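Have a look at the structure below before the remarks.
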Amino acid sequence: MSEEKSLNFIEEIVEADLAAGKYPSITTRFPPEPNGYLHIGHAKSICLNFGLAKKYGGKTNLRFDDTNPVTEDTEYVESIKNDVKWLGFEWAAELYASDYFEQLYAFAMQLVEKGLAYVDDSTSEEIAAQKGTPTQSGTRNKYADRTVAENVQLFADMKSGKYADGEKVLRVKIDMASPNMLLRDPIIYRIKHAHHHRTGDKWCVYPMYDFAHGQSDSIEKITHSICTLEFVPHRPLYDWCIDQLGTFPSKQYEFARLNMTYTVMSKRKLLQLVNENMVNGWDDPRMSTISGMRRRGYPAASIREFCDRIGIAKRDNLIDVGLLEFCVREELNKIALRRMVVFDPLKVVITNYDKVEEILTSENNPEDEHGGVREIPFSKELYIERDDFMEVPAKKYFRLAPGQMVRLKSAYIIKCDDVVKDADGNITEVHCSYIPESRSGADTSGINVKGTLHWVSAQHAINAEIRLYDRLFNVEDVANAEGDFKSYINPNSLQIVHNAFAEPQLAKDEHQQPFQFLRKGYFVLDRDTNTNQLVFNRTVTLKDAWAKEVKKS
RNA sequence: UGCCUGAUAGUAUAAUGGUAGUACGACUGUUUUUGGUGCAGUUUGUCUUGGUUCGAAUCCAGGUCGGGCAACCA
C-alpha cells in the first residue's frame, strides 16, 4: 500500500554505489563558510545531506569551510550550529577546514615536490592577463620553470612569513591551454597576514577553496560530496588533486540551488540588507534566513517538508514562496492553538443582554480532539473587526450588516438593529440583540446563519502589539530584475498594529507555541514582548476566499 | 563566438524504450459555529526538426532557448 516515492538522481547514485559495494556506508558533509547566516537555500542542502545519511544509514559531518580569515567570524559559526540543530539534524562530527591546515600544507608541499606546483611572483593582474580568455589559451610565465628545490624553499618561506600579502602564490601546474579556465594553473595557496577566528595568527598562508575543499573531503572520507551547480567546472580540478595526491576518492555531485519568488538568497545581498538597515538584523522575520523564519514562526518541520517537496534536480528553478507558505499552514493547522484577537475594533453593544458576564468555552483546536477547551468571557459590550461590518453590504457579504444576523464564534447569534455614528458620520458602535437560545453547544433557536465572527469582550480584553509581515520584495524574480535589487523592496513589508484586543486567555498561555488567531492567520510571540506588552509576529495569513472574491470585483 | 550544463502543465517534480503521473496554484461543487480545515472534481504539459524502433519525454543527429565559467571568494 505504501506508494514508492521515486528517487532523485543523487539517491539513485547512492543506491547504485551501495549496491555495487563501492562503499560499506556513505558519509556526506554540510560545508558552510562561516561568513553569514544560513538561509532557506542552505536548508535544502542540509536536508539533502543529512537526509541522505539518515535514509541510507550513513553519517554527516558539519564542516566549516573557514579558509578565508578576513570574511569569517565565530558569530556565524554559532548561528550555523544553532540553525542546523533547530532544523532537527545531528552531525556526526563538528569539523573545520582550519583543523587541517597542517595536513593541507603538507599535501601542497607534496605537489611541489612532485614538480606539480610552483611559486609565482606575478601580481594578480599579471596572472589574470596570462590566463587568457575562454576562447584564447593562456600563457605560462618564467616562474613556472623554477626548480623543485627552489619551489620547496619559496613555499616554505611563504609559510614562515617572509613575504607580504600578494607577493607570491602557489600555483598548481596543469594546462594553460585548457578550455576549462579553472585548469589554467589555478592558485591553491595565497598569503594573508590576517587573524583567523580559530587558528589566530599561526598561519599567514591559506589554502584556496579548490584545494582545501576536496582534500578536506578526502581526509574525512566523504563518499558523496554534494554541492551546487556552479561548481560543476571545478570538478575536474577536484578530481585532479585527489588523483595526484592519491587521497581518498571522494566524488562530487551537483544539484540546482534553490531560488524562491519575492526574496533574495545570496549572502552578499542579505548582508547588504542587514548592514544598510533595510531590515532589523539577520533574524528579521522578513528575511529568507533560517533564523528569520524561526523568529517569524515557521516550524522546522514545515521547512523540512518544503525541502522534501521541491525535490532535487539539475534544472534551474524559481520556486513559488506560496509553496513554503502552504507547508507552514499545513503544519500549523495541526498544532496551533485557536485564539481570538481583534485588530481593528468596532464596538458592539448587545442591547438585550442583562447579565454582567458569563463564561463560555471554545475548543483550542478543532483539528485535535484531545486539544481541550479554554474559557472566554462574554459580556454586554464586545469588539468585532471593523471590516466584519458593512452598513451597505456588498453582494455575497455574509458578515454583520443592518438587519443581518451572524454567529459570534462559540457564543450567540446576534442581529444588528442600529448603527451609531459620530458628528462626522463615522460609525462608532453597532447595537445588536442576541438570541438567548442560540448559545453554542445548546442552540435550540433553529436559526442558521452564514457568517461566524471572532470577537472579544471589551472589559476583559488585553492589549497586544501585532506585527504583520508581507513579502520583502515586490517582484517575483528579484535576482534577475533589472537594476539594484534594493529598489524592489516592498515598503509595506512590515505593518504594526499597536493596540489589538486579545482574549484574556492569551495572557496566561504558554508562549513557546504557535497560535491561530481565528480568521486572521498564524502568530507567534516575538522576543520583543515585555512585562507590559505582548508582541506577536504574524507567521502567515490564512487562506482568504472572501478577500479573493473582493479582489475579483 | 570556446568549454561545461540543462530544457516535461503557471511553478516544481516523476515516469530510466511500453497508459505522461504527483504536489502547489487556479477553477467548481460539498462539508463546516474560522469565507480556515476536510472531501470530491475540473483545468493546463514532453523546446524544435529529423532519425532509429512495432513503440521515444526517454536513444541518435542538427537547431533553438536558459544557466555557469576568465576572484590571491566560497
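Here's the yes/no breakdown for (1) part of a helix (DSSP H, G or I); (2) crowded, with 18+ Cβ neighbours inside 10 Å:
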{"site": "A:Q153", "(1), (2)": "yes, no"}
{"site": "A:K162", "(1), (2)": "no, no"}
{"site": "A:L170", "(1), (2)": "no, yes"}
{"site": "A:P179", "(1), (2)": "no, no"}
{"site": "A:K202", "(1), (2)": "no, no"}
task = Scan the stretch A:144-155 for residues that are in contact (Cβ under 8 Å) with a residue 40 or more places away in the chain and not β-branched (V, I, T) and report the count.
result = 2
message = Of the residues A:R296, A:R374, only one is surrounded by 16 or more Cβ atoms within 10 Å (Cβ to Cβ), modelled with pLDDT of 95 or more and in contact with a helix residue (DSSP H, G or I) (Cβ under 6 Å, 6 or more places away or on another chain); which?
response = A:R374
task = Could you tell me whether the stretch A:134-147 includes any residue that is within 20 Å of A:W240 (Cβ to Cβ), outside any helix (DSSP H, G or I), within 14 Å of RNA strand B (Cβ to nearest atom) and among the basic types (K, R)?
result = no
query = When you scan the stretch A:49-102, how many residues do you find that are of a type in the set (F, W, Y), assigned to a helix (DSSP H, G or I), within 15 Å of RNA strand B (Cβ to nearest atom) and over 20 Å from the mean Cα position of the chain (by Cα)?
reply = 2
ask   = Are any of the residues in the stretch A:15-26 under 28 Å from the mean Cα position of the chain (by Cα) and either hydroxyl-bearing (S, T, Y) or within 12 Å of RNA strand B (Cβ to nearest atom) (or both)?
value = no
request  = Kindly check whether there is at least one residue in the stretch A:223-246 that is assigned to a helix (DSSP H, G or I), of a type in the set (G, A, S) and surrounded by 15 or more Cβ atoms within 10 Å (Cβ to Cβ).
outcome  = no
inquiry  = For the stretch A:219-241, which positions are of a type in the set (D, E, K, R) and touching a residue at least 60 places away in the same chain (Cβ under 8 Å)?
reply    = A:E220, A:K221
task = Determine which single condition A:A301 fails, assuming it passes every other condition in (1) within 16 Å of RNA strand B (Cβ to nearest atom); (2) over 16 Å from A:L38 (Cβ atoms); (3) out of contact with any Asp or Glu (no Cβ under 6 Å at 6 or more places or on another chain).
result = (3)
ask   = Any residue in the stretch A:323-331 that is more than 10 Å from RNA strand B (Cβ to nearest atom), in the same structural domain as A:Y469 (by TED's automatic domain parsing), surrounded by 14 or more Cβ atoms within 10 Å (Cβ to Cβ) and of a type in the set (A, V, I, L, M)?
value = yes
query = Which of the residues belonging to the stretch A:383-407 are within 10 Å of RNA strand B (Cβ to nearest atom), touching a Lys or Arg at 6+ places or on another chain (Cβ under 8 Å) and of a type in the set (F, W, Y)?
reply = A:F398
request  = Starting from residues that are in a strand (DSSP E or B), within 11 Å of RNA strand B (Cβ to nearest atom) and within 32 Å of the chain's Cα centre (by Cα), keep the ones in the stretch A:332-362 and report whichever is surrounded by the most Cβ atoms within 10 Å (Cβ to Cβ).
outcome  = A:R339
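Assess whether A:D470 counts as being within 12 Å of RNA strand B (Cβ to nearest atom) and not assigned by TED's automatic domain parsing to the domain that holds A:R386.
no
Looking only at the stretch A:474-495, decide whether some residue is more than 25 Å from A:D284 (Cβ to Cβ), modelled with pLDDT of 95 or more and not assigned by TED's automatic domain parsing to the domain that holds A:R386.
No: zero hits.
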key: Residue count, the stretch A:214-244 (criterion: within 24 Å of A:P179 (Cα to Cα) and either out of contact with any helix residue (DSSP H, G or I) (no Cβ under 7 Å at 6 or more places or on another chain) or not assigned by TED's automatic domain parsing to the domain that holds A:A164 (or both))   = 10
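So which residues in the stretch A:103-117 are free of Cβ contacts under 8 Å to residues at least 60 places away in the same chain and within 16 Å of RNA strand B (Cβ to nearest atom)? Walk me through how you get there before you give the answer.
Quick first cut of the stretch A:103-117, residues free of Cβ contacts under 8 Å to residues at least 60 places away in the same chain only: A:106, A:109, A:112-113, A:115.
Passing the criteria: none in range.
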Scan of the stretch A:181-200 for residues that are surrounded by fewer than 17 Cβ atoms within 10 Å (Cβ to Cβ) and more than 10 Å from RNA strand B (Cβ to nearest atom), ordered by number = A:H193, A:H195, A:T199, A:G200
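The values are calculated or read from the model by the stated rules, or taken from the named source; none is laboratory data. Note that this is a predicted model, so its numbers are computed, not measured. We place every Cβ from the backbone using ideal geometry, glycine too, and count neighbours over all the protein chains shown.
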